[in-house]
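Notes for the one structure printed next.
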Amino acid sequence: MMRSRLFGFPGGLRLPRWKDLSDHAAIMTAPVPDKLIIPLQQHTGDACRPVVAVGDRVSRGDRVGQPPGYYGACIHAASSGTVIALENHPVIGGSAPCVVIRTDGADTWSPCLPPPLDPGNIGTETLIERLWSCGVVGMGGATFPTDIKLAAARAAGVRLLIINGIECEPGITCDDRLIRERAREVVLGTRLFRDCLAVDETLLALEEDRTEARTALEQALADTGETGIRVVSVPARYPSGSERQLIEQLTGREVPSGGLPLDIGMLCQNVGTVAAAWRAVTRGEPVTGRIVTVTGQGVCRPANIEARLGTPLAELIELAGGYTDSAARLVMGGPMMGVSLTTDALPLTKGCNCLLVGDNGDLPAPQPAMPCIRCGACADACPVLLLPQQLHWHALGQNLDSLRSAGLDDCIECGACAVVCPSHIPLVREFRDAKTAIAMRDLERERAERARQRFAFRQQRLERERREAEEQRRRKKEALARASESASGGDDPRKAAIQAAVERARRKRAASRPGHGQSVPTADDERT
Amino acid sequence: MRFPEYSAPHLAPATSVGLVMRRVVYAVVPGAAVMALLFGWGVLLNMLLAVTTALICEALMLRLRGRPTGPYLRDCSAVLAALLLALALPPLLPWWITVLGVAFGLIFGKHLYGGLGFNPFNPAMVGYVVLLISFPREMTLWPAPAFIGGTGPDLWQTLVYVFSGHFPDQLQFDAISRATPLDEVRVRLGQDESLQAIRGGPAFGTLGAHGWEWINLLFLAGGLWLLRCRVIGWQIPVGVLAGIAVPALLFSLIGPDQYPGAAFHLLAGGAMLGAFFIATDPVSAATTRRGRLYYGLGIGILTWVIRTWGGYPDGIAFAVLLMNMAAPLIDQYTRPRIHGRGSA
Ligand code: SF4
Ligand code: SF4
């Protein structure tokens, strides 16, 4: 059962770490801002509907948004105050409906938080329900609703639970600080998941240069008398913290293409997620804040800040000493997969683990792309063993089918290929665009197919109706004929006329029938 | 504060085409220097002529094709191709032959296919083969290495010869020329001499051939440096060297009097230059890792076959071009299995 050997994963890069900028900075708590702008979508899934109205008073932890269906996560007020608007506001990645709260400074907790539960004997059902009501999502950045993940895990059965404490992107240290300062929460949160899922083995993965975090965890394990959780250090190699790569290096097994870790009986959770789950269970505390690293050459005092969801990013930058003169680029997330932001007038959300402010040296403007020289550096770096140079070639030719058969869908968009490309080809952007193009085409095809089916149905229906009408007419005609026959040419002139017409037709048919070898009655005959 | 928006990854790129090509140029310097020491001014003159021609052709073609000249000239790929071709040429060659080879290689072998990244054939080898076929006599006339013949032509004599085709003051080419070791072995083996007898001559050193072994060892050193900087992968050079050495070894065990051994093959001709610098041209090589090993092996084996049974003393250029043709096919059959998928 004790697994000590690591299996590695293909490709990958040794990147600059940039951890020393902020890993010494203890988590500081951001003051409550005057105004909280809380987006109604901070998770993957459907956007929440607001459950408050303008003018309502809310307390910290009150639910302000609730998902319309199954796929979503609740959203809560991050401090007490008054709802002053429900409106669209710029958020990371566009513009979205937000609940705007003017805070009152009292920061009182809601009186109707869910009750604390005993983590020792909490059923899976209760845990799932609690995770849902407290809005717990994947805090590593994926923001997938944790209750759904857990429900799926329970249904599928999990043998190996992996708690991911790896921050393989340069610069990010929020999980490192969380582990160092709140190792106990991490351990107890891990235990919570482990006990609910009754897994065989639980691993807690760190990068090997995070020695202090490891010490803290081992201390917490000893303090809690926990022996069923093993801390594993993996080489600091990008993208070792990516779910599939982490699983592969820990277990040597590959998550099937297009599948989930659950397909091979494994579940991954981020350390921040288990800590949030722990709070939700033992204190009934919904997710109203998160730890975010503010770092880079572009801020004066890189920091790890615990801030309320909805806090303007600009205030976090201020807490980190403000911009330096060389600040040139703002990125949400790390330098490899982060999202470039054009402004800091955006609210903090559940998935925002890092604000990276770069200067022109670290994060330079992209250089003009040269043609691919087929050097293969990209393929050597790809953790999925794709051939990015071939994908690039197909992308140039807009050859969507070849892209797909060359494995585009398996690309995790880690950016390793683009960073090593000597021709500075924006490979990831091309691949993302191509994925969009494929999705659009599939949608278009589906729509066309549906339209075709509708058309075919309609044709069939018309045909059927026509035939039925005909049938009806024929029956009526026969009935009439029978009636007139039995009336033996009675005195009804209309009947007599019909009788005559029927007679004529019969004679005509009889005339065209014999001998001529073209005895097939024509449509005209039928219609008489 | 407002910021520009770019797509991920945001990290500064680690390298550039220019850097890659320049490193290969640096790596070729030691070998080229020894070559110049052994074969005289002609080597330097060839390189100078070739690079100048390359820059002019490149600029001209880029202009004609409506491409920006600046970034493409700075990528150094034309300079590198010209240098490699120059190092494959005999040191005393009429200037226009060098110019013709470089120009042909770059114009027909590279730009007419669409320029950098699109040429299916190695431009340097295209130029070389065209010259070899068109001027077989000139292309196989090599002067004796300096410390055997002792007296190579000086700078003035070289210049006069290269630009006029004659030596000044009654110096005759024949007096200083001698066949390359590979050529000599091939011809004399063809005359049924035994390898033992041929080896006795002054042209052959302990390892390979006098002089040539040093050139090859320094190219090897440059190549190892490239490997260490990860400018090239090990697959192609190892493939080429193994492809030459293994059959050479086997046959020399079977017929030690007819077949020269592995050391001779690796050190007497252009094996190291070919393995580390020419075959590794990424554009025209196979691009998958496994494919590159096969590609290299193919070049090595073909080289040995051509040297042993073919009509030319050294076969690297032909072998490279032949394998260039096979590269797309090799790539197709050596695609790695995508992570998470069953055997593809
Ligand atoms: S790294 Fe860039 S230049 Fe090299 S093969 Fe890949 S895409 Fe082409
Ligand atoms: S972005 Fe896609 S293609 Fe590029 S290295 Fe990552 S997984 Fe491979």
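The values are calculated or read from the model by the stated rules, or taken from the named source; none is laboratory data. A quick note: this is a predicted structure, and the numbers were derived from the prediction, not measured. When we count neighbours, we look across all protein chains shown, and the Cβ atoms used for this are built from the backbone with ideal geometry, even at glycine. We work out accessible area using only protein heavy atoms, side chains counted, and drop any ligands, DNA or RNA first. Shrake-Rupley method; radii C 1.70, N 1.55, O 1.52, S 1.80 Å.
Taking each residue as 0.36 nm, the span from A:LYS35 to A:ASP409 lengthens on full extension beyond its C-alpha to C-alpha distance by 130.5 nm. Taking all Cα pairs closer than 8 Å and separated by 6 or more residues, the relative contact order of segment A:115-285 comes to 37 percent. Working note: Cα atoms of segment B:16-179, range along each principal axis, descending, whole Å: 50, 30, 24. FRET efficiency for the B:ILE133 to B:TRP156 pair, using the beta carbon distance and R₀ = 30 Å, is estimated at 0.40. A Förster radius of 22 Å combined with the Cβ-Cβ distance from A:ALA345 to A:ASP107 puts the calculated FRET efficiency at roughly 0.40.
Convex hull volume of the C-alpha atoms in the protein assembly as shown, normalised per residue: 315 Å³.
How high is the FRET efficiency from B:ASP192 to B:ALA326, r the C-beta distance, R0 45 Å, rounded to 0.05? So the FRET efficiency works out to roughly 0.80. Rounded, prolate or oblate for segment A:9-165? Axes are the square roots of the Cα gyration tensor eigenvalues, ordered a ≥ b ≥ c, and the cut-off for rounded is a/c under 1.5. The shape class here is oblate. Rounded to the nearest 20 debye, the dipole magnitude of chain A is 3060 debye, with +1 charges on Lys and Arg beta carbons, -1 on Asp and Glu beta carbons, and the Cα centre as origin.
Working note: Cα atoms of chain B, range along each principal axis, descending, whole Å: 77, 50, 32. Counting, for every residue in A:418-428, the Cβ atoms of other protein chains within 10 Å of its Cβ and taking the mean gives 5. Shielding by partners for peptide A:364-373, expressed as the average number of C-beta atoms from other protein chains within 10 Å of each residue's C-beta, is 6. Counting, for every residue in B:12-22, the Cβ atoms of other protein chains within 10 Å of its Cβ and taking the mean gives 6. In this structure, the amide hydrogen of A:GLN269, modeled 1.01 Å from its nitrogen in the peptide plane, lies closer than 5 angstrom to those of A:ILE162, A:ILE163, A:ASN164, counting only residues at least 5 positions away or on a different chain.
Rounded to the nearest 10 degrees, the angle from helix B:289-309 to the longest Cα principal axis of chain B is 20 degrees.
Highest mean packing first, where packing is the average number of other Cβ atoms within 10 Å per residue, the peptides A:380-389, B:274-283 line up as B:274-283, A:380-389. Lys/Arg Cβ at +1, Asp/Glu Cβ at -1, dipole of chain B taken about the Cα centre: which of B:HIS111, B:PRO143, B:ALA179 is farthest positive-ward? Checking the options against the dipole of chain B, the answer is B:HIS111. If you take the Cα centroid of segment B:267-323 and the Cα centroid of segment A:274-327, the two points sit 57 Å apart. Placing unit charges on the Cβ atoms only, positive for Lys and Arg and negative for Asp and Glu, gives segment A:117-211 a dipole magnitude near 240 debye about its Cα centre. Computed from label points 7 Å out along Cα-Cβ, the spacing between A:GLN367 and A:GLU208 is 3.1 nm.
For A:ARG17, A:ARG475, the ranking by accessible surface with the largest value first comes to A:ARG475, A:ARG17, using a 1.4 Å probe. Relative contact order of segment A:277-331, taken over Cα pairs closer than 8 Å and 6 or more residues apart, is 32 percent. Taking H as built 1.01 Å from N, whose amide H comes closer than 5 Å to the amide H of A:CYS168, not counting residues under 5 places away? It is A:GLY241, by chain and number.
Starting from the Cα-Cα distance between A:ALA53 and A:ARG301, subtract it from 0.36 nm times their residue separation and give me the gain in nm to one decimal. Roughly 85.4 nm would be gained on extension. Specify the angular offset, from 0 to 90 degrees and rounded to the nearest 10, of the alpha carbon long axis of helix A:211-223 from the longest principal axis of the alpha carbons in chain A. Helix A:211-223 and the main axis of chain A meet at about 90 degrees. Angle of helix B:17-39 to the longest C-alpha principal axis of chain B, folded into 0 to 90 degrees and rounded to 10: 10°. Across segment A:367-468, the relative contact order, built from alpha-carbon pairs under 8 Å that are at least six residues apart, equals 28 percent.
Evaluated with a Cβ-only charge set (Lys, Arg +1; Asp, Glu -1), segment B:16-179 carries a dipole of roughly 640 debye about its Cα centre, given to the nearest 20. Of the peptides A:22-30, B:263-271, the ranking by mean beta-carbon count within 10 Å, highest at the top, reads B:263-271, A:22-30. Does segment A:367-468 come out rounded, prolate or oblate, given a ≥ b ≥ c as the square roots of the eigenvalues of its C-alpha gyration tensor, rounded meaning a/c under 1.5 and, failing that, prolate meaning a/b above b/c? Prolate shape, in that a/c is at least 1.5 and a/b is the bigger ratio.
Toward the positive end of the charge dipole of the protein assembly as shown, with +1 on the Cβ of Lys and Arg and -1 on the Cβ of Asp and Glu, the farthest Cα among A:PRO119, A:ILE148, A:ALA500 is that of A:ALA500.
Each part gets one Cα centre, and for segment A:44-119 versus segment A:361-403 those centres are 42 Å apart.
Calculate the spin-label point distance for A:ARG283 paired with A:THR215, positioning each point 7 Å from the Cα along the beta-carbon direction, and give it in nanometres. Placing both labels 7 Å beyond Cα along the Cβ direction yields 2.6 nm.
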